[in-house]
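Asks: Let me give you the structure first, and then I'll get to my questions.
The values are calculated or read from the model by the stated rules, or taken from the named source; none is laboratory data. Please read these numbers as outputs of a predicted model, since none were measured by experiment. Cβ placement follows ideal geometry from the backbone for every residue including glycine, while neighbour counts extend to all protein chains displayed. What goes into the accessible areas is simple: the full protein's heavy atoms, side chains included, and nothing from ligands, DNA or RNA. Shrake-Rupley method; radii C 1.70, N 1.55, O 1.52, S 1.80 Å.
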Amino acid sequence: MPTIKDVALRAGVSRSTVSRVMNNQPYVDEEKRKAVKQAMKELGYLPNSSAQRLRGTETRTIAVLVSRIVNPFFSAIVDAMDEVAAEQSYRLILCNTRGSANQELHFLQLLRTKQVDGLILASLVNDWETIAPYTDYGPIVICNEYPRQSDGVPVVTIDQSKAMYEATVHLLKKGYKQIAYCNPITKTESDAVISPLAQDRYLGFCQAMEEAGMHMYGECLFLGHSLEDGRNIFKQMVCLANRPDAILTGSDEVAAGMIAEAKAAGWKIPDDLAIVGFDNQPHATLIEPELTTIHQPVQEMGRAAMECMLALLRKESPPPLATYLEAPLLARKST
């Protein structure tokens, strides 16, 4: 771990000058101030308070990063994590990234500065090459979303491709032929990112369509993750020359928005349009008609991710690197 002496040697100044810069004291030559800050950055030096935490005892605190806390999926998964953590006298810090790559990196600093003992990623925005260096500062567990490679970091999720494949087969067996597809997206500051999770779901959809000899039309492919996205997607579909007779959505929120907008337009679900959701959120059975959806085992997922984290913190037997939970299709009245 670098010290003030190391910073002073790198910057070519005295240790007292480094101390004055760290404490924002006046009467320090501006060039020396810049040299000290640059040396601190290059060495990865942390101020005394952070360094004390690095040398000190555990915080018994775990950070959990989610992209949208207003999404019932994330609130349910965090609740399950908290239940397991509380049983072992750990507490959680909930970090809402809002799909921002910069916010995600900001929260990862909690691990680097030892303000938390471990960190669980329930959503991902940055690529793994950017996140991987933070594993040097403490354990990380990935839950729900995942990178293509995670360098030995435990991942808890479902088989996304299989789940969407089975949902597509369900629609095909029901006789639907013009099937639209909505891919879940993560919105960042500059663009919409199609994650490996979303890519794998789309692969499952494509596999089922190809096996059935069905064609996929570009105009029937949509992006969205929210209620408002669902409403807008329905409005776009109404304007198509060849309207779909069914759609697979990336979330129950999108599906709920579509159903609401379709009913407002006088459409009958599923007679005019069959709709499949994803997650099996609580409102899936409150919608009229009840929503056909993929059941994501959020409670089991949250508990399994936290158990992986606690095993790493206790330095017990290493948890499995990949845990895939079952995610069955629940057929209801929207198809």
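Asks: Step by step: first the residues of region 1-27, then only those that are in a loop (DSSP other than H, G, I, E, B) and open to solvent by 100 Å² or more (accessible area, probe 1.4 Å), then the one that is nearest to Tyr137 (Cα to Cα). Which residue is that?
Replies: Per the criteria, the residue is Met1.
Asks: Here is a follow-up. Sort out for me the strands (runs of 3 or more DSSP E) sitting completely within region 51-125 that have 1 or more residues that are open to solvent by 20 Å² or more (accessible area, probe 1.4 Å).
Replies: 91-96
Asks: I'm told Ala260 meets every condition in (1) crowded, with 20+ Cβ neighbours inside 10 Å; (2) in a helix (DSSP H, G or I); (3) in contact with a Gly (Cβ under 9 Å, 6 or more places away or on another chain) except one. Can you identify the failing condition by its number?
Replies: (1)
Asks: Continuing with the same structure: How about region 28-48: which of its residues are open to solvent by less than 40 Å² (accessible area, probe 1.4 Å) and either touching a residue at least 24 places away in the same chain (Cβ under 8 Å) or part of a helix (DSSP H, G or I) (or both)?
Replies: Answer for region 28-48, where residues must be open to solvent by less than 40 Å² (accessible area, probe 1.4 Å) and either touching a residue at least 24 places away in the same chain (Cβ under 8 Å) or part of a helix (DSSP H, G or I) (or both): Arg33, Ala35, Val36, Ala39, Met40, Gly44, Tyr45, Leu46.
Asks: All but one of (1) part of a loop (DSSP other than H, G, I, E, B); (2) free of Cβ contacts under 8 Å to residues at least 12 places away in the same chain hold for Asp151; state the number of the condition that does not hold.
Replies: Asp151 satisfies every listed condition except (2).
Asks: Whether any residue in region 206-222 is open to solvent by less than 20 Å² (accessible area, probe 1.4 Å) and touching a Gly at 6+ places or on another chain (Cβ under 7 Å) is what I want to check.
Replies: Within region 206-222, not a single residue is open to solvent by less than 20 Å² (accessible area, probe 1.4 Å) and touching a Gly at 6+ places or on another chain (Cβ under 7 Å).
Asks: Any residue in region 183-196 that is modelled with pLDDT of 90 or more, aliphatic (A, V, I, L, M) and under 24 Å from Phe73 (Cβ atoms)?
Replies: no
Asks: Look through region 322-335, keep the residues that are within 18 Å of the chain's Cα centre (by Cα) and among the aliphatic types (A, V, I, L, M), and return whichever of them is surrounded by the fewest Cβ atoms within 10 Å (Cβ to Cβ).
Replies: Ala322
Asks: Return the only residue of Ile287, Ile294 being farther than 16 Å from Leu227 by Cβ and crowded, with 21+ Cβ neighbours inside 10 Å.
Replies: Just a single option satisfies the conditions, and that option is Ile294.
Asks: Name the residue, out of Asp279, Asp272, that is among the acidic types (Asp, Glu) and in contact with a Ser or Thr (Cβ under 8 Å, 6 or more places away or on another chain).
Replies: The unique qualifying residue is Asp279.
Asks: Could you list all residues from region 263-282 that are aliphatic (A, V, I, L, M), closer than 24 Å to Val169 by Cα and open to solvent by 20 Å² or more (accessible area, probe 1.4 Å)?
Replies: Of everything in region 263-282, just one residue is aliphatic (A, V, I, L, M), closer than 24 Å to Val169 by Cα and open to solvent by 20 Å² or more (accessible area, probe 1.4 Å), namely Ile269.
Asks: Looking at (1) surrounded by fewer than 19 Cβ atoms within 10 Å (Cβ to Cβ); (2) modelled with pLDDT under 95, can you tell me which one Gly250 breaks?
Replies: Result: Gly250 passes all but (1).
Asks: While we're on this one: Which of the residues spanning region 146-165 are open to solvent by 40 Å² or more (accessible area, probe 1.4 Å) and touching a Pro at 6+ places or on another chain (Cβ under 8 Å)?
Replies: Arg148
Asks: Another question, if that's okay. What residue, among those in region 271-321 that are polar (S, T, N, Q) and either in contact (Cβ under 8 Å) with a residue 24 or more places away in the chain or part of a strand (DSSP E or B) (or both), is farthest from Phe234 (Cα to Cα)?
Replies: Filtering first and then ranking leaves Gln299.
Asks: Which ones in region 216-231 are outside any loop (DSSP other than H, G, I, E, B) and either at pLDDT 95 or above or closer than 24 Å to Leu203 by Cβ (or both)?
Replies: Gly218, Glu219, Cys220, Leu221, Phe222, Leu223, Asp229, Gly230, Arg231
Asks: Related question: Among the candidates Glu145, Glu83, Glu104, which residue alone is free of Cβ contacts under 8 Å to residues at least 40 places away in the same chain and of a type in the set (Asp, Glu)?
Replies: Criteria check complete, one pass: Glu104.
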